[in-house]
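Asker: Have a look at the structure that comes next, please.
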Amino acid sequence: MYKKISLLQSHPTLNNTKGFTLIELLVVLIIIGILAGYVGPRIMGHPEEAKRTMAAVQITGIETALESYKLDNGSYPSTEQGLQALVEAPSVGRLASKWRKGGYMKKGKVPTDPWGNEFVYLSPGIYSDFDIISYGADGESGGEEDGLDVNNWEI
């Protein structure tokens, strides 16, 4: 009346289990090692270039926040008000009549550049409506190689 069924008969996949052999795992690890050895130094060998790219990305984000500020208030913050006007309503100069509650920057603060310096902001700018400058690794205007400035009009 009752038929005895073994576990292997009721689940055929348990009978045909397959896995990776030690050789296959070693081949994959060797390939990953070769890739890491080839790609790693190319990425890690240029920290200053990565910082310059990060500064350009930050400047682009600040530009977007400044555009939102202008849409709400009719003008960009003045040089005197600075980028701080993006995180707290200005109390000097032309006041922001429709300043957005919570500000215009994520996390409620203006970022520093990748070298830990504040961005320089001029409005009106020399090259456009506003200029945003990171002085680079040397923290001074101008510079060469690693000390080159990152400017919004050159991005």
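The values are calculated or read from the model by the stated rules, or taken from the named source; none is laboratory data. Just so you know, these numbers come straight off a predicted model, no measurement behind them. So basically every Cβ, Gly included, is an ideal-geometry build from the backbone, and we count neighbours across all protein chains shown.
Asker: Being under 17 Å from the mean Cα position of the chain (by Cα), under 26 Å from Glu49 (Cβ atoms) and either among the small types (Gly, Ala, Ser) or surrounded by 16 or more Cβ atoms within 10 Å (Cβ to Cβ) (or both) is the requirement here; does Val120 meet it?
Answerer: Working: under 17 Å from the mean Cα position of the chain (by Cα): no; under 26 Å from Glu49 (Cβ atoms): yes; either among the small types (Gly, Ala, Ser) or surrounded by 16 or more Cβ atoms within 10 Å (Cβ to Cβ) (or both): yes.
No: the conditions fail for Val120.
Asker: Can you find a residue that is modelled with pLDDT of 95 or more, surrounded by fewer than 15 Cβ atoms within 10 Å (Cβ to Cβ) and in a loop (DSSP other than H, G, I, E, B) anywhere in the stretch 129-141?
Answerer: So far as the stretch 129-141 goes, yes, one or more of its residues are modelled with pLDDT of 95 or more, surrounded by fewer than 15 Cβ atoms within 10 Å (Cβ to Cβ) and in a loop (DSSP other than H, G, I, E, B).
Asker: On the basis of being among the aliphatic types (A, V, I, L, M), surrounded by 12 or more Cβ atoms within 10 Å (Cβ to Cβ) and either modelled with pLDDT of 80 or more or outside any helix (DSSP H, G or I) (or both), does Ile62 make the cut? Before the answer, list the steps.
Answerer: Numbers: among the aliphatic types (A, V, I, L, M): yes; surrounded by 12 or more Cβ atoms within 10 Å (Cβ to Cβ): yes; either modelled with pLDDT of 80 or more or outside any helix (DSSP H, G or I) (or both): yes.
Criteria met by Ile62.
Asker: Can you tell me which residue within the stretch 1-42, out of those that are exposed (fewer than 10 other Cβ atoms within 10 Å of the Cβ) and closer than 30 Å to Trp115 by Cα, is modelled with the highest pLDDT?
Answerer: Among them, the one singled out is Gly37.
Asker: Whether any residue in the stretch 89-101 is surrounded by fewer than 14 Cβ atoms within 10 Å (Cβ to Cβ) and more than 23 Å from Ser75 (Cα to Cα) is what I want to check.
Answerer: Scanning the stretch 89-101 turns up no residue that is surrounded by fewer than 14 Cβ atoms within 10 Å (Cβ to Cβ) and more than 23 Å from Ser75 (Cα to Cα).
Asker: So which residues in the stretch 96-120 are touching a helix residue (DSSP H, G or I) at 6+ places or on another chain (Cβ under 9 Å) and under 18 Å from Leu71 (Cβ atoms), if there are any at all?
Answerer: Answer for the stretch 96-120, where residues must be touching a helix residue (DSSP H, G or I) at 6+ places or on another chain (Cβ under 9 Å) and under 18 Å from Leu71 (Cβ atoms): Ala96, Ser97, Lys98, Trp99, Arg100, Gly102, Gly103, Tyr104, Met105, Lys106.
Asker: Related question: Looking only at the stretch 48-59, decide whether some residue is modelled with pLDDT under 90, over 31 Å from the mean Cα position of the chain (by Cα) and either closer than 27 Å to Asp138 by Cα or surrounded by fewer than 15 Cβ atoms within 10 Å (Cβ to Cβ) (or both).
Answerer: Looking through the stretch 48-59, none of the residues is modelled with pLDDT under 90, over 31 Å from the mean Cα position of the chain (by Cα) and either closer than 27 Å to Asp138 by Cα or surrounded by fewer than 15 Cβ atoms within 10 Å (Cβ to Cβ) (or both).
Asker: Going by the conditions given, is Ile132 within 22 Å of the chain's Cα centre (by Cα) and closer than 15 Å to Ala85 by Cβ? Outline the logic, then answer.
Answerer: Values: within 22 Å of the chain's Cα centre (by Cα): yes; closer than 15 Å to Ala85 by Cβ: yes.
Criteria met by Ile132.
Asker: For the stretch 92-110, does any single residue satisfy the condition of being under 21 Å from Asp146 (Cα atoms), modelled with pLDDT of 90 or more and touching a Ser or Thr at 6+ places or on another chain (Cβ under 7 Å)?
Answerer: no
Asker: Has the stretch 143-152 got at least one residue that is surrounded by fewer than 14 Cβ atoms within 10 Å (Cβ to Cβ) and either modelled with pLDDT under 95 or in contact with a strand residue (DSSP E or B) (Cβ under 8 Å, 6 or more places away or on another chain) (or both)?
Answerer: Checked against the condition, which is being surrounded by fewer than 14 Cβ atoms within 10 Å (Cβ to Cβ) and either modelled with pLDDT under 95 or in contact with a strand residue (DSSP E or B) (Cβ under 8 Å, 6 or more places away or on another chain) (or both), the stretch 143-152 yields at least one hit.
Asker: Only one of these is over 17 Å from Pro47 (Cα atoms) and among the charged types (D, E, K, R): Asp129, Asp146. Name it.
Answerer: Asp129
Asker: Within the set of pairs 6 or more residues apart or between chains, which connect a residue that is farther than 15 Å from Asp131 by Cα inside the stretch 70-90 to a residue that is exposed (fewer than 15 other Cβ atoms within 10 Å of the Cβ) and hydroxyl-bearing (Ser, Thr, Tyr) with Cβ atoms less than 7 Å apart?
Answerer: That search, which allows pairs on different chains as well, returns Asn73/Ser97.
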